[in-house]
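Since the structure comes first, as structure tokens, the remarks are kept for the end.
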Amino acid sequence: QGIALFDAVLGRSEPQLLLVPLEPNALSRGFGGYIPPVWRELIKAPRRAHRGGWVTDIASLPEVQRLSAVLEAVRGEIARVLSLPGGDAVEA
């Protein structure tokens, strides 16, 4: 799927953003059991929600504040993934 999407944008002159799922096991097999550092940085293990964590924090807020709290958290995570200076750099 990723190769097909990549092929679809190769002929275009403007910059393209391409999002594809990365499977650590498949990458490891593709690189002969070794994942180069540049790829390891892209596939950091996701944080897991746990009791008493972010989900509980959001649920404990008054309903009128939840949307803005979730938006702030999502924008912050997007900024982290894209190496932006902060969540304010990400449009809602």
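Each value in this text was obtained by applying a stated rule to the coordinates, not by laboratory testing. Predicted model only: the values in this text are computed from it and were never measured. Counting neighbours? That spans all protein chains shown, and the Cβs are built from the backbone with ideal geometry, glycine included.
A few remarks follow.
- Each label point was placed 7 Å from the Cα along the Cα-to-Cβ direction; for ILE3 and ALA92 their separation is 4.3 nm.
- From the largest down, segment 52-92 spans 30, 21, 9 angstrom on the principal axes of its Cα atoms.
- Segment VAL81..LEU22, full-extension length gain: 19.8 nm, with 0.36 nm per residue of separation and the alpha-carbon distance subtracted.
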